[in-house]
Amino acid sequence: MALMEFHVITLFPEMFESPFRVGMVGRAIEQGIIALKTHALRPYGLGAYKQVDDAPYGGGSGMVMRPEPLAAAIDAAMEAHPGLWRVLLTPQGELLDQPKVRELSERKPGLLLIAGRYEGVDERARAMVDQEISIGDYVLSGGEIAAMVIIEAVARLVPGVLGNPESLAEESFSAGMLEYPQYTRPEVFRGMKVPDILLSGDHQKIRAWREAEARKRTAERRPDLLVRPKR
Ligand code: ADE
């Protein structure tokens with residue numbers, strides 16, 4: 001069985017096809033380390049037109065997703081795959097960051113990601129999920145790409161997905177700081193030289209330099225990270 005399952009309730013299952021055929025996630029799916037399954041919302045729509053949205057009570061522009069199709073889709077997915085952690089993608093959710101990604105990666109057997117569309121979902125749909133998550137302070141026209149962001153970020157924490165697990169320990173945000181500057185060949189590129197210390201072979205000095213650079217970079221670009229309590 002897969003180490004982590006990702007299920008997505010969406011009006012647009014086809015959006016999830018090509019992004020996850022390629023790269024690390026594509027390979028992990030092929031190898032059965034993780035599983036991805038979309039659940040089309042449309043068949044749970046109401047009436048001959050399989051309607052999933054309606055005008056807001058109280059008036060106003062835009063359409064609101066009705067709760068019944070969402071509830072039916074969630075119930076069916078949970079019945080077929082018990083124990084999933086239900087996450088609604090919405091700009092009103094908790095902001096996603098790396099500690100939250102890690103928490104999500106520990107929700108076994110996996111996640112049921114619910115992608116809303118239109119202007120929002122009926123307030124009563126909130127009672128049917130375990131958590132609401134936003135991927136950032138901007139508005140997407142649907143939760144699909146937000147769900148993909150979660151899948152991508154969580155999948156790479158699942159053991160065996162990443163080619164080189166050591167890079168996980170070192171990378172940005174895991175230590176609450178931005179990553180230090182990285183260089184590869186050539187030694188000189190358009191007049192810009194790789195810092196001598198990285199060519200010195202002195203691993204202790206290199207480690208200290210990287211630590212100092214990471215701190216400097218974080219202070220310059222993201223001072224908010226340095227004052228935020230570590231989780
Ligand atoms: N749906 C629309 N905007 C979103 C956002 N920023 N995060 C998560 N889901 C969304």
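The values are calculated or read from the model by the stated rules, or taken from the named source; none is laboratory data. Because the structure is predicted, anything quoted here is derived from the model rather than measured. Don't worry about glycine lacking a Cβ; one is built from the backbone with ideal geometry, like all the others, and counts go over all protein chains shown. The protein model used for the area step is the full one, side chains on, heavy atoms only, and it has no ligands, DNA or RNA in it. Shrake-Rupley method; radii C 1.70, N 1.55, O 1.52, S 1.80 Å.
Quick check on region 114-137: of everything there that is near the ligand (Cβ under 9 Å from one of its atoms) and assigned to a strand (DSSP E or B), which residue is nearest to Ala55 (Cα to Cα)? Only one residue fits best here, namely Arg117. When Ala28, Ala77 are checked against the criterion of being surrounded by fewer than 20 Cβ atoms within 10 Å (Cβ to Cβ) and outside any loop (DSSP other than H, G, I, E, B), Ala77 stands alone in meeting it.
Counting just the residues of region 100-113 that are surrounded by 17 or more Cβ atoms within 10 Å (Cβ to Cβ) and not charged (D, E, K, R), which one comes out nearest to the ligand (Cβ to nearest atom)?
Of all residues in region 100-113, those surrounded by 17 or more Cβ atoms within 10 Å (Cβ to Cβ) come to 100-101, 104-105, 107, 110-113.
Those left that are additionally not charged (D, E, K, R): 101, 104-105, 110-113.
Working: Val101: 14, Leu104: 13, Ser105: 18, Gly110: 19, Leu111: 14, Leu112: 15, Leu113: 10 Å.
Top of the filtered list is Leu113.
Among the criteria (1) open to solvent by 70 Å² or more (accessible area, probe 1.4 Å); (2) away from the ligand (no atom under 16 Å from the Cβ); (3) β-branched (Val, Ile, Thr); (4) within 27 Å of the chain's Cα centre (by Cα), the one Thr184 does not fulfil is (4). The residue that is least open to solvent (accessible area, probe 1.4 Å), among those in region 56-74 that are more than 16 Å from Arg126 (Cβ to Cβ) and touching a Phe, Trp or Tyr at 6+ places or on another chain (Cβ under 6 Å), is Ala72.
Working only within region 67-123, note down all residues that are among the hydroxyl-bearing types (Ser, Thr, Tyr) and either farther than 25 Å from Gly45 by Cα or without any contact (Cβ under 8 Å) to a residue 24 or more places away in the chain (or both). Let's see the steps before the verdict.
Initially, region 67-123 is screened for residues among the hydroxyl-bearing types (Ser, Thr, Tyr), giving 90, 105, 118.
Within region 67-123, Ser105 is the sole residue that qualifies.
Of everything listed in (1) charged (D, E, K, R); (2) open to solvent by less than 60 Å² (accessible area, probe 1.4 Å); (3) within 19 Å of Val8 (Cβ to Cβ), the single unmet condition for Asp97 is (3).
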